[in-house]
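The values are calculated or read from the model by the stated rules, or taken from the named source; none is laboratory data. Keep in mind that this is a model prediction, so the values were computed, not measured. Positions of Cβ are generated from backbone atoms using ideal geometry, with glycine treated the same way; all protein chains shown enter the neighbour counts.
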Amino acid sequence: MPSDQLTMKLGQGPQRVIATGSEPTGHVGENRLDARTLERTQGEAEPHTDKERPGLAQGPHTGLIGDGVWIDACHAVNVRPGLVLDKSICFLSIIGNADDIGAHADVRYSPEDILIFLEVAEAGGVAAGSRRLSRSQPAISERLQHLQQALGEPLYRRSGRGIRLTSAGESLLPLARRLREDLTEVELWSAHRHSLQEGELRIAASTTVANYFLMEHLAEFRSRYPGIGLRLKAGPLARDTNWSDWDLIFTEEPLPASALPSSLRQIPWRRDEIVAILPRDHPWVREGRRSVDWPTVLTQPIVWREPHSGVRRRVEAALDAAGLRPQYAVEVTGIEALRDAVAAGLGLGFGSVEALDKVRWPLASMHLDPPRGLFWDLYLVYPVAPLRSRALQALLGVLGLAI
């Protein structure tokens, strides 16, 4: 049996032990101790006398007794599975029980090590691989040595001026090529995202904001960055929404601070006026009125939006502040239903000036609560800077927000 590799029993299963008589070749495991330290470490390694070493293999490398490993050239010590003995004249790497290898092995290597091995293998030698990588041969040799130590077996052997792969090296080769292909795809993906050729933005907005405040900005963004996908959820925003699922959230009123995670911020985004809307043949319109106060408003039947409408809640808050209680005779869902109900003469309604300007409904409008008027703020919820994608930062620019 070769002196540099033995298979022996430690504990409950076979252990693979690699020992060398010159320089340390690496280790597997968290602990890295010399013989003196092992002798002093209570419960980890205990010294033994020659009488306790029956059957010790002669020579500078290995011996075995009981449930431990003897390293003759380093010291007579009983090494627990998982420990590593490292001296200038010998090295031991205990891989662990074959039926429990994951419990003892601490395999550490990087994708770069695998790619270096691939370049060397395809070049046919360390020197040729070093030239392909534009790195020094000693540096490449060191990385290959580290990889083999981490894997626990050789990947190649010297053959003339080149190398010949071992069975382990041949087995690793297709996996290394697959890794290279995958990393190439990752690099391409990263380049596309960096140049805003690829990505996705998830946006949640109330119906009014989505339809009348946001669409033109999204259209401009798409014209600039056609490779970025847009996922827009328009409609009521439930209080139990997981806000972190969205890149941007547009609301008709501020969200409670307690509902937002620490990674999100909230600011007023737009201010708009809320006005009364009514048919063009309404008597107030024929009289030439430009505004109407709250008591006068309540003399008319009112067509209300659904309860979660931001416009409705803002009007209700203004009436409450004035000490007035409205009647709820007609209630509809959605802006289009409100438009049709008002046009049919069911009552007057309330809407956003900017929305009315964009849709150009065949309706008249009047300012509320003169001379102040009634205004509302639309709010934007967005992530802190470190959590924003490049696509999100670009959309904020289109929105004219320097945040």
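Side notes on the structure shown:
- Some residue of the range 97-109 being surrounded by 14 or more Cβ atoms within 10 Å (Cβ to Cβ), closer than 18 Å to residue 183 by Cβ, modelled with pLDDT under 95 and not β-branched (Val, Ile, Thr): yes
- Considered as a group, the residues in the range 363-389 that are farther than 22 Å from residue 261 by Cβ and not in a strand (DSSP E or B) include one that is nearest to the chain's Cα centre (by Cα), and that residue is 373.
- Of the residues 354, 336, the single one that is more than 18 Å from residue 236 (Cα to Cα) and not in a loop (DSSP other than H, G, I, E, B) is 354.
- The helices (runs of 4 or more DSSP H) falling completely within the range 128-234 that include 1 or more residues that are among the polar types (S, T, N, Q), surrounded by 15 or more Cβ atoms within 10 Å (Cβ to Cβ) and out of contact with any helix residue (DSSP H, G or I) (no Cβ under 6 Å at 6 or more places or on another chain) map to 137-151.
- Helices (runs of 4 or more DSSP H) (entirely within the range 257-327) containing at least 1 residues that are on the phi < 0 side of the Ramachandran plot, free of Cβ contacts under 8 Å to residues at least 60 places away in the same chain and of a type in the set (Lys, Arg): 283-286, 310-321
- Residue tally, condition of a type in the set (S, T, N, Q), touching a residue at least 24 places away in the same chain (Cβ under 8 Å) and under 30 Å from residue 388 (Cβ atoms), over the range 142-199: 1
- Conditions (1) among the charged types (D, E, K, R); (2) surrounded by fewer than 18 Cβ atoms within 10 Å (Cβ to Cβ); (3) closer than 25 Å to residue 196 by Cα; number of the one not met by residue 273: (3)
- Of the numbered criteria (1) at pLDDT 95 or above; (2) farther than 25 Å from residue 327 by Cα, the one residue 302 fails is (2).
- Among the residues examined, residue 150 does not qualify as out of contact with any Pro (no Cβ under 9 Å at 6 or more places or on another chain) and at pLDDT 95 or above.
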